[in-house]
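Remarks on the structure that follows.
The values are calculated or read from the model by the stated rules, or taken from the named source; none is laboratory data. Since this is a predicted model, take the numbers as computed values, not measurements. Glycine gets a Cβ as well: all are built from the backbone with ideal geometry, and neighbour counts include every protein chain shown.
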Amino acid sequence: MALAAEPGISGNKLAVVNLTREFNFKHRKITAIQGISLEVKEGEFVTILGPSGCGKSTLLRIIAGLTEASSGQVYKDGRLIQGPGRDRGMVFQSYTLFPWLTVRQNIEFGLNLKRVEADRRHEIVNHYLDIIGLTAFADAFPKSLSGGMKQRVAIARALANDPDILLMDEPFGALDAQTRLVMQELLLKIWEETRKTILFVTHDVEEAIFLGDTVYIMTARPGRLKARIPVPLSRPRSFEIKNSRVFLELKTSILEQIREESLKAATMMPAGCD
Amino acid sequence: MRKYLKLNAPIPGKLYFILSVSAFALLLLLWQLGVTVGHLPPSHLPPPGAVARAAVALATDGLIGDIGISFFRVTTGFLLAAAIGVPLGILMGSLKVAEAFFEPLLAFFRYMPASAFIPLTIIWLSIFEAQKIGVVFIGIFFQLVLMIMDVTQNVPQDLIDTAYTLGARPLEVFRRVLLPAALPGIMDTLRVTLGWAWTYVIVAELVAANSGLGFLIMNAGRQLSTPDMFVGILTIGVLGIICDMAFKALNRLLFPWLEREV
């Protein structure tokens, strides 16, 4: 592979090159995403914004190595991705805590796979329990946690494994508006501390702007990247920034761009996700 | 009163218990009334007292032995079916190639009633213990495998994907996610199939046996001893409910993490 010839591949944390994914749905070929290319720098917080549909999740799943691309490649640190791995942690929209494990056991799941010794494991888990504020629930089973608490643990579980990139597929999508706000601030706080490279998919415009250094807008099926918008808001950010002029103007302009796409998506034939 | 009639709303545990017990009491009462007021012939419906006396008499005259031998046949057939069926079902549920190979075959066998195999089992296994165990095995094995397969396939894909993104390899996903996630469903399948095992052991004993609860009922029938038949039938019910409760208690103990009480 001629890496030197492609500066986008070797210079970035993550490089997505001309990614397309098709799948069959009731004997029709559906193109979920088409010709997507993007680059993510080390430590960058990228949000991907688009209407409901399958494209965004499909993109994230391909980067995670859980779904195969029909064509195109994904490179991490210049190396071709060929399957799932612990270097790309993922947080899903559905609650994915292992219900038979306690909060502590969930967070240390990846550490156990890596055979991290007990003392070190404890140290890491306690650190993240502290960050997410659930130390008191360390020995509780997920069944006794609220939705927001479950997602906190899911984030802690992904981070405790120390991935290079954190992939987040609408992780706050199932939470109520208040909890969502709290979770967004928590995530920013964690990101300020860890400076992980994050790829965050959402259909919420405010969320995309509030969290991201860069917002990508995706079109309705077939999913393509329509615009790349740098967010000129300073860090660290807190929720007050959502009322600032810059924020509101950015929101208005993005809403206009995404409106056409949402209208298109709303009148489209439904198709299953893969 | 109204608050207990809300759809699907919980009720106090004590009330639940009282209602359950009163259903049994009511049945007993109706039974007694049928005999004393309704004058149903005792040869058809013996009074509860007569059945109780028959139970006491039988208890010292072979009932325990019959329970023991039926219990042995049920457990052996059940354990054999589970020992082969659970691993096979899990394999079929997690590997499509295994499903494609076994599923149609087993689904085909599932539609052949175990009772239809009884003459064949007599030719193959004579009329000794192996034949009774064989009928139990045929009766539950095919259903059990297919149910275990289904349970395994219903493990949420997101849990499996999560494990992959945390660095698990396929075998680790199998051992650390698929198995623990499927285990409550597997136990529940075993509970249900154990109930069926009791049905098939009785069928086997009604046809060809000289011991066991099925034989007791058949023999009582030949002598037109309705109270003894009642004792045999009721004993099976009692054993069934004990097995069921034991399984439920075990599940509560094993799976304290389940959202729903099993």
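Find the residue count for region A:32-56, including only residues that are of a type in the set (G, A, S) and surrounded by 22 or more Cβ atoms within 10 Å (Cβ to Cβ).
Qualifying residue count for the region: 4.
Suppose we keep only residues that are crowded, with 22+ Cβ neighbours inside 10 Å and in a loop (DSSP other than H, G, I, E, B) within region A:209-219. Which one would you say is modelled with the lowest pLDDT?
Out of the qualifying residues, it is A:T219.
Residue check: is B:S22 of a type in the set (S, T, Y) and closer than 30 Å to B:I160 by Cα?
Against the criterion (of a type in the set (S, T, Y) and closer than 30 Å to B:I160 by Cα), B:S22 does not qualify.
Hey, could you check region B:147-188 for residues that are of a type in the set (V, I, T) and facing chain A (nearest Cβ under 9 Å) and say which is surrounded by the most Cβ atoms within 10 Å (Cβ to Cβ)?
If we take residues in region B:147-188 being of a type in the set (V, I, T) and facing chain A (nearest Cβ under 9 Å), then B:T162 is surrounded by the most Cβ atoms within 10 Å (Cβ to Cβ).
From the list A:R228, A:R245, A:R235, which residue is within 25 Å of A:I62 (Cβ to Cβ) and surrounded by fewer than 18 Cβ atoms within 10 Å (Cβ to Cβ)?
A:R228
Condition first: buried (at least 19 other Cβ atoms within 10 Å of the Cβ), β-branched (V, I, T) and part of a helix (DSSP H, G or I). Now tell me which residues in region A:188-203 satisfy that.
If the condition is that a residue be buried (at least 19 other Cβ atoms within 10 Å of the Cβ), β-branched (V, I, T) and part of a helix (DSSP H, G or I), then A:I190 is the only one that fits.
Examine region B:246-257 for a residue that is in contact (Cβ under 8 Å) with a residue 60 or more places away in the chain, within 11 Å of chain A (Cβ to nearest Cβ) and in contact with a helix residue (DSSP H, G or I) (Cβ under 9 Å, 6 or more places away or on another chain), and state whether such a residue exists.
Looking for residues that are in contact (Cβ under 8 Å) with a residue 60 or more places away in the chain, within 11 Å of chain A (Cβ to nearest Cβ) and in contact with a helix residue (DSSP H, G or I) (Cβ under 9 Å, 6 or more places away or on another chain), one finds at least one in region B:246-257, hence yes.
Looking at (1) among the hydrophobic types (A, V, I, L, M, F, W, C); (2) within 9 Å of another protein chain (Cβ to nearest Cβ); (3) touching a strand residue (DSSP E or B) at 6+ places or on another chain (Cβ under 9 Å); (4) in a loop (DSSP other than H, G, I, E, B), can you tell me which one A:A69 breaks?
Answer for A:A69: the failing condition is (2).
Give the residues of region A:57-99 that are surrounded by fewer than 18 Cβ atoms within 10 Å (Cβ to Cβ) and within 19 Å of A:K114 (Cα to Cα), sorted by residue number.
Scanning region A:57-99 gives A:G83, A:G85, A:D87.
Would you mention how many residues in region A:132-147 are away from chain B (no Cβ under 14 Å), surrounded by fewer than 19 Cβ atoms within 10 Å (Cβ to Cβ) and closer than 19 Å to A:R180 by Cα?
Going through region A:132-147 one residue at a time, the tally reaches 1.
Only one of A:E185, A:E192, A:E170, A:E207 is over 21 Å from A:N12 (Cα atoms), acidic (D, E) and out of contact with any Phe, Trp or Tyr (no Cβ under 8 Å at 6 or more places or on another chain); which?
None of the other options fit; the residue is A:E170.
May I ask you to say which residue of A:E185, A:E206 is in contact with a Lys or Arg (Cβ under 7 Å, 6 or more places away or on another chain), among the acidic types (D, E) and either within 14 Å of chain B (Cβ to nearest Cβ) or surrounded by fewer than 23 Cβ atoms within 10 Å (Cβ to Cβ) (or both)?
Checking each option against the conditions leaves just A:E206.
Working only within region A:94-125, note down all residues that are assigned to a helix (DSSP H, G or I), more than 8 Å from chain B (Cβ to nearest Cβ), within 30 Å of B:G185 (Cβ to Cβ) and touching a helix residue (DSSP H, G or I) at 6+ places or on another chain (Cβ under 7 Å).
Hits for region A:94-125 are A:V103, A:R104, A:N106, A:I107, A:L111, A:V125.
In this structure, does B:F109 turn out to be away from chain A (no Cβ under 14 Å) and out of contact with any Phe, Trp or Tyr (no Cβ under 6 Å at 6 or more places or on another chain)?
Spelling it out, it is not the case that B:F109 is away from chain A (no Cβ under 14 Å) and out of contact with any Phe, Trp or Tyr (no Cβ under 6 Å at 6 or more places or on another chain).
Do we have B:R260 as surrounded by fewer than 14 Cβ atoms within 10 Å (Cβ to Cβ), more than 14 Å from chain A (Cβ to nearest Cβ), among the charged types (D, E, K, R) and free of Cβ contacts under 8 Å to residues at least 12 places away in the same chain here?
Taking the combined requirement at face value, the residue does not satisfy it.
I need the full set of residues from region A:72-88 which are facing chain B (nearest Cβ under 8 Å), farther than 10 Å from A:L167 by Cβ and in a strand (DSSP E or B), in order please.
Correct list: empty.
Look through region B:114-146, keep the residues that are part of a helix (DSSP H, G or I) and aromatic (F, W, Y), and return whichever of them is farthest from the other protein chains (Cβ to nearest Cβ).
Ranking the qualifying residues of region B:114-146, first place goes to B:W124.
Is it the case that some residue within region B:215-228 is more than 14 Å from chain A (Cβ to nearest Cβ) and within 17 Å of the chain's Cα centre (by Cα)?
Scanning region B:215-228, I find no residue that is more than 14 Å from chain A (Cβ to nearest Cβ) and within 17 Å of the chain's Cα centre (by Cα), so the answer is no.
Mind checking whether some residue in region A:148-169 is within 14 Å of chain B (Cβ to nearest Cβ), surrounded by fewer than 18 Cβ atoms within 10 Å (Cβ to Cβ) and not charged (D, E, K, R)?
No, the conditions are met nowhere in region A:148-169.
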